[in-house]
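Report on the following structure.
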Amino acid sequence: MELLYFGSKGWGDELFAAFLMTIAVSITAMLIGILFSIIFTPLKLSKNKIFNFIANFYTTVIRGVPELLVIYLFFFGGTGAVMFVASIFGYHEYIEINAFITGSFAIGIISGAYSTEVFRGAIQSIDRGQFEACKALGFKKYIYFFKVIIPQMLRLALPNLSNVWQITLKDTSLISVTGLVEIMRQSYIAAGSTRDPLFFYSFAALLYLILTFLSMKILNKLEKNYSRGF
Amino acid sequence: MIESLPKLLNATLTTLKLLSLSLIFGLIIGLIFALMRLSKKKFINNFSYGFSYIFRGTPLLVQIFIIYFGLGQIEYLRSTFLWTILKEPYWCAIIAFSLNTGAYTSEILRSAFQTIKPGMIEAGKSLGISSKIIFYKIQIPIAIKQSLPAYGNEIILMLKGTSLASTVTLMDLTGVAKYIISTTFKPVEVFIVAGGIYLLLTFLVHNLIKFSEKKMRTN
């Protein structure tokens with residue numbers, strides 16, 4: 001237990017900071033993912049074949065390739081890509097990208113592929129009759145979209161979206177390979193310097209369990225709130 | 001790009017070996033825990049629930065690290081025959097994968113068993129069929145049929161999960177890809193080749209499951 005003391009004696013404060021870092025990365029990645037799905041869901045539902053192909057390519061590739069490989073691509077390729085873009089604008093110095101940004105982008109793109117599928121499924125399961133009813137009532141298109149489609153879609157998408165959140169949360173452990181100090185990385189460091197891997201990795205597992213348990217409780221409440229009237 | 005292909009194909013074999021072994025062990029573990037979940041004894045039921053909750057609530061990476069780095073720390077384990085298994089990263093990875101996929105499989109099988117209508121079992125009983133035969137000839141086939149789509153997803157998730165073996169020094173497809181990337185600094189090319197192999201495998205699994213679903217439906 002002494003290992004968990006705060007301050008210079010134990011690893012308590014470091015692990016707490018890492019715990020917060022995991023939450024921060026997960027939320028950022030989830031938001032980036034939702035941003036991606038806002039772009040790709042319309043493409044997926046569009047009648048244009050090229051748009052369709054682009055969106056399908058994105059979701060199929062990302063969901064078929066291991067997360068770790070995507071992270072390696074971003075970690076090793078991200079700097080090169082940014083420097084290439086910068087060199088077009090005449091900037092030739094070395095640019096180091098923050099591990100937080102690369103990590104949350106990599107996880108965000110993965111989580112985006114899953115959320116895109118969730119949103120697509122939710123929109124597709126809304127009855128076509130609603131659309132016709134709105135037309136018959138003479139609603140404007142944006143009212144139809146924001147007041148009729150979106151609330152229903154959220155209700156349908158939320159249970160699956162909370163699954164995506166759990167996946168995203170667990171995927172953030174993989175960013176530790178890039179050196180970002182989140183729960184896994186901090187446990188790795190602590191285990192290395194105290195030679196007590198069993199304790200620290202078990203503690204990391206406990207922290208993740210706390211996170212998944214808490215988020216499940218919160219999301220269940222949200223789901224109940226959104227499914228009022230059902 | 002082309003020079004890396006033979007090395008990556010070789011590593012694919014390791015990935016497939018890891019995948020098939022962990023799926024076989026995982027299926028056995030999953031079946032045992034699914035049956036425990038259906039038991040009426042509270043302790044057995046809760047134990048099985050706890051197992052699947054812990055393994056589904058923590059990242060696979062933590063599980064591998066606990067088994068590979070953590071268990072070696074226990075002095076007692078070092079003196080038993082288990083140590084010959086636990087000092088090999090290959091077996092540690094397989095143990096972690098099997099337990100992980102076992103937890104997910106147990107949930108899939110449990111829900112499949114629960115969707116079987118009690119009337120079917122009662123019908124079997126009233127025909128005087130022994131409960132053993134009811135289990136093997138009625139419950140198991142229906143459960144397999146019910147759980148195939150979900151299990152197909154689980155296989156694909158596990159295929160992606162095997163990439164974590166590279167974190168405990170195993171040279172699977174991702175491990176070799178990372179090695180090539182870090183020696184040649186050509187991340188995009190290697191990603192295309194390695195990602196292509198993974199996609200091909202996913203595609204194969206997907207179609208295999210679809211095919212067997214179709215076959216089951218016609219029966």
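Within the stretch B:78-88, identify whether any single residue is surrounded by 13 or more Cβ atoms within 10 Å (Cβ to Cβ), of a type in the set (Phe, Trp, Tyr), within 30 Å of B:LYS210 (Cβ to Cβ) and out of contact with any strand residue (DSSP E or B) (no Cβ under 7 Å at 6 or more places or on another chain), and answer yes or no. No, the stretch B:78-88 has no match at all. The selection criterion, being in contact with a Phe, Trp or Tyr (Cβ under 8 Å, 6 or more places away or on another chain), closer than 30 Å to A:ALA190 by Cβ and surrounded by fewer than 19 Cβ atoms within 10 Å (Cβ to Cβ), holds for B:ARG56.
Once the stretch A:168-223 is narrowed to residues that are in contact (Cβ under 8 Å) with a residue 24 or more places away in the chain and not in a helix (DSSP H, G or I), the residue that is nearest to the other protein chains (Cβ to nearest Cβ) is A:ASP196. Is it the case that A:ASN160 is surrounded by fewer than 19 Cβ atoms within 10 Å (Cβ to Cβ), under 25 Å from the mean Cα position of the chain (by Cα), in contact (Cβ under 8 Å) with a residue 40 or more places away in the chain and part of a helix (DSSP H, G or I)? In short, yes.
Listed here are the residues, each with its yes/no results for (1) over 30 Å from A:SER193 (Cα atoms); (2) at pLDDT 95 or above; (3) touching a Ser or Thr at 6+ places or on another chain (Cβ under 6 Å).
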{"position": "A:LYS9", "(1), (2), (3)": "no, no, no"}
{"position": "A:ALA17", "(1), (2), (3)": "no, no, no"}
{"position": "A:THR41", "(1), (2), (3)": "yes, no, yes"}
{"position": "A:ASN56", "(1), (2), (3)": "yes, no, no"}
{"position": "A:LEU68", "(1), (2), (3)": "no, no, yes"}
{"position": "A:PHE76", "(1), (2), (3)": "no, no, no"}
{"position": "A:SER87", "(1), (2), (3)": "yes, no, no"}
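For B:SER79, indicate whether it is away from chain A (no Cβ under 14 Å), in contact (Cβ under 8 Å) with a residue 60 or more places away in the chain and among the hydroxyl-bearing types (Ser, Thr, Tyr). First the steps, then the outcome.
Details: away from chain A (no Cβ under 14 Å): yes; in contact (Cβ under 8 Å) with a residue 60 or more places away in the chain: no; among the hydroxyl-bearing types (Ser, Thr, Tyr): yes.
In short, no.
The set of residues from the stretch B:164-199 being among the hydrophobic types (A, V, I, L, M, F, W, C) and free of Cβ contacts under 8 Å to residues at least 24 places away in the same chain comprises B:ILE181, B:PHE185, B:VAL188, B:PHE191, B:LEU199. Of all residues in the stretch B:137-159, which are surrounded by fewer than 14 Cβ atoms within 10 Å (Cβ to Cβ) and under 23 Å from the mean Cα position of the chain (by Cα)? Of everything in the stretch B:137-159, those that are surrounded by fewer than 14 Cβ atoms within 10 Å (Cβ to Cβ) and under 23 Å from the mean Cα position of the chain (by Cα) turn out to be B:PRO141, B:PRO149.
Of all the residues in the stretch A:123-139, those that are closer than 20 Å to A:LEU45 by Cα and either of a type in the set (Val, Ile, Thr) or not in a helix (DSSP H, G or I) (or both) number 4.
Hand me the list of helices (runs of 4 or more DSSP H) wholly inside the stretch B:110-219 holding 1 or more residues that are over 21 Å from A:SER173 (Cα atoms) and within 14 Å of chain A (Cβ to nearest Cβ). Walk me through it before giving the result.
Numbers: elements: B:118-126, B:140-161, B:173-184, B:187-218.
Correct list: B:140-161, B:173-184, B:187-218.
Residue-wise test of (1) among the basic types (Lys, Arg); (2) closer than 30 Å to B:ALA165 by Cβ; (3) within 14 Å of another protein chain (Cβ to nearest Cβ).
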residue	(1), (2), (3)
A:LEU73	no, yes, yes
A:PHE89	no, no, no
A:HIS92	no, no, no
A:PHE105	no, yes, no
A:LYS141	yes, no, no
A:PHE145	no, no, no
A:ALA157	no, no, no
A:SER162	no, yes, yes
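Would you confirm whether any residue within the stretch A:42-59 is within 14 Å of chain B (Cβ to nearest Cβ), in contact (Cβ under 8 Å) with a residue 12 or more places away in the chain and either closer than 20 Å to B:THR174 by Cβ or among the aliphatic types (A, V, I, L, M) (or both)? Checked the stretch A:42-59: no residue is within 14 Å of chain B (Cβ to nearest Cβ), in contact (Cβ under 8 Å) with a residue 12 or more places away in the chain and either closer than 20 Å to B:THR174 by Cβ or among the aliphatic types (A, V, I, L, M) (or both).
Restricting to the stretch B:68-95, count the residues that are modelled with pLDDT under 85 and aromatic (Phe, Trp, Tyr).
Residues of the stretch B:68-95 modelled with pLDDT under 85: B:72-87.
Narrowing the set further to residues that are aromatic (Phe, Trp, Tyr) leaves B:76, B:81, B:83.
Residues that pass the stated criteria total 3.
Which of (1) away from chain A (no Cβ under 14 Å); (2) part of a helix (DSSP H, G or I) does B:ALA93 not meet, given it meets every other one? It is condition (1) that B:ALA93 fails.
The residue pairs whose first member lies in the stretch A:89-114 and is under 21 Å from A:ASN56 (Cβ atoms), whose second member is of a type in the set (Lys, Arg), and whose beta carbons are closer than 6 Å, counting only pairs six or more residues apart or on different chains, are A:ALA113/A:ARG63.
Against the definition (away from chain B (no Cβ under 14 Å), among the β-branched types (Val, Ile, Thr), touching a helix residue (DSSP H, G or I) at 6+ places or on another chain (Cβ under 9 Å) and surrounded by fewer than 18 Cβ atoms within 10 Å (Cβ to Cβ)), how does A:ILE38 come out, yes or no? Full working, then the answer.
Details: away from chain B (no Cβ under 14 Å): yes; among the β-branched types (Val, Ile, Thr): yes; touching a helix residue (DSSP H, G or I) at 6+ places or on another chain (Cβ under 9 Å): yes; surrounded by fewer than 18 Cβ atoms within 10 Å (Cβ to Cβ): yes.
For A:ILE38, the condition - away from chain B (no Cβ under 14 Å), among the β-branched types (Val, Ile, Thr), touching a helix residue (DSSP H, G or I) at 6+ places or on another chain (Cβ under 9 Å) and surrounded by fewer than 18 Cβ atoms within 10 Å (Cβ to Cβ) - is met.
Of the residues in the stretch B:55-70, none is more than 11 Å from every other protein chain (Cβ to nearest Cβ) and part of a helix (DSSP H, G or I). No other residue among A:ILE143, A:ILE95 is of a type outside the set (Gly, Ala, Ser) and not in a helix (DSSP H, G or I) apart from A:ILE95. When the residues of the stretch B:11-58 are narrowed to those that are touching a helix residue (DSSP H, G or I) at 6+ places or on another chain (Cβ under 7 Å) and of a type in the set (Ser, Thr, Tyr), which ends up modelled with the lowest pLDDT? In this case the residue turns out to be B:SER39. If I go through the stretch B:53-76 residue by residue, how many of them are touching a Cys at 6+ places or on another chain (Cβ under 7 Å) and without any contact (Cβ under 8 Å) to a residue 40 or more places away in the chain? Residues that pass the stated criteria total 1.
Of the residues that make up the stretch A:178-190, is at least one among the aliphatic types (A, V, I, L, M), exposed (fewer than 15 other Cβ atoms within 10 Å of the Cβ) and either under 30 Å from B:PHE51 (Cβ atoms) or at pLDDT 85 or above (or both)?
Let us first name the residues in the stretch A:178-190 that are among the aliphatic types (A, V, I, L, M), namely A:180-181, A:183-184, A:189-190.
From what is left, the residues that are exposed (fewer than 15 other Cβ atoms within 10 Å of the Cβ) are none.
Within the stretch A:178-190, not a single residue is among the aliphatic types (A, V, I, L, M), exposed (fewer than 15 other Cβ atoms within 10 Å of the Cβ) and either under 30 Å from B:PHE51 (Cβ atoms) or at pLDDT 85 or above (or both).
The values are calculated or read from the model by the stated rules, or taken from the named source; none is laboratory data. Keep in mind that this is a model prediction, so the values were computed, not measured. Positions of Cβ are backbone-derived with ideal geometry, glycine not excepted, and every protein chain shown enters the neighbour counts.
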